[in-house]
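Note sheet for the following structure.
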Amino acid sequence: MRVNHAGEVAAQALYRGQALTARNAEAATAMSQAAAEEIDHLAWCEQRITELGGRVSLLNPLWYAGSFLIGSLAGALGDRTSLGFLSETERQVESHLQDHLDRLPAADARSRAIVEQMQHDEIAHGAKAETLGAAALPRWVKAAMRLTSRLMTRGSYWL
Ligand SMILES: [Fe+2]
Ligand SMILES: [Fe+2]
């Protein structure tokens, strides 16, 4: 849940950055709405971590700052690219959450319910970006994004 929490820190920072530099009002609204739901996710994860007696990642300020910067840059590349970035982010998050669900004990119904609801919302965020005209990203960008998220996953797991 600490890793999921860190992911939501990054997601809302990315989308806030993207909303800031978006040109089209519709794209900016989609970014802001997704960011607002990521903040809900953040709160659910944080609450669950508290219930389980855990702690959030010490690296969260770093994830926030880095993601906000990347989001602002992605937004500056134009709305279609930015929506493509959002769509690919959500695809990767969705697959991470599925992986987590596969490993979460069936008895931990509360954590499962949170992750399932997040997964449902992430799919909707990605679909919204697609309907607004998300561009397909080059393969190397997707690979770089996967590498970054792996770094974040490992970092948040240990720290
Ligand atoms: Fe989320
Ligand atoms: Fe999302």
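Every number here is computed from the coordinates shown, using simple stated rules; none is lab data. All values reported here derive from a predicted model rather than from experimental measurement. Note that each Cβ is placed from the backbone with ideal geometry, even for glycine, and that neighbours are counted across all protein chains shown.
Values for this structure:
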read-out: Estimated distance in nm for a label pair at Leu59 and Glu116, the labels positioned 7 Å out from Cα along Cα-to-Cβ; value: 3.0 nm
read-out: Max mean-square fluctuation residue, GNM over the chain, Cα-Cα springs under 10 Å, options Met145, Met31, Met118; value: Met145
read-out: Order of Lys128, Lys142 under a 10 Å beta carbon neighbour criterion, fewest first; value: Lys142, Lys128
read-out: For a label point 7 Å along the Cα-to-beta-carbon line of Leu69, residues of region 24-62 with backbone N under 13 Å; value: 62
read-out: Note, ³J(HN,Hα) from phi for region 18-28, Karplus 6.51, -1.76, 1.60, rounded to Hz, x at Gly and Pro; value: 5, 5, 5, 9, 5, 9, 7, 5, 5, 5, 4
read-out: Among Ala11, Ala34, Ala144: highest mean-square fluctuation, GNM of the chain, C-alpha pairs under 10 Å; value: Ala144
read-out: Taking only Cα atoms of region 63-159, radius of gyration then Dmax in Å; value: 14.6, 45
